[in-house]
Amino acid sequence: MRRGVNRLNRPSIDGLGRSVCAAQNVGGAPSHAIAICDTPGGERTVVRSEDAALLDAMTREELVGRTVQVAADGGFITR
């Protein structure tokens, strides 16, 4: 790992956990979305989704600052 680069850990989450989206990346005709989320425990994790409805919504509206549900498998959904 390069010096000065923070390591992004996947926190251990049993089932779904509430987290706040800190950054997102999706655009064009995406096959998946990536988001970096802040967990309630103060950790940061990277999550991914292939949900077509979520991808469509993320191309039209900002997700940063919104609460998402993070699954133990690294996926996420909005509520």
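Over all orientations, the stretch 17-78 has a Cα convex hull whose mean projected area works out to 3.6 square nanometres. Report note on the peptides 38-46, 66-74: ranked by the mean count of other C-beta atoms within 10 Å, highest first, their order is 66-74, 38-46.
Full extension of the chain between ALA71 and ALA53 gives 4.8 nm of extra length, using 0.36 nm per residue less the Cα-Cα distance. For the stretch 17-78, the relative contact order works out to 38 percent when only alpha carbon pairs closer than 8 Å and six or more residues apart are counted.
Read-outs: derived from the displayed coordinates by stated rules, not from any lab. Since the model is a prediction, treat every value here as computed from it, not as a measurement. Here the Cβ is made from the backbone with ideal geometry for all residues, glycine too, and neighbour counts use every protein chain on show.
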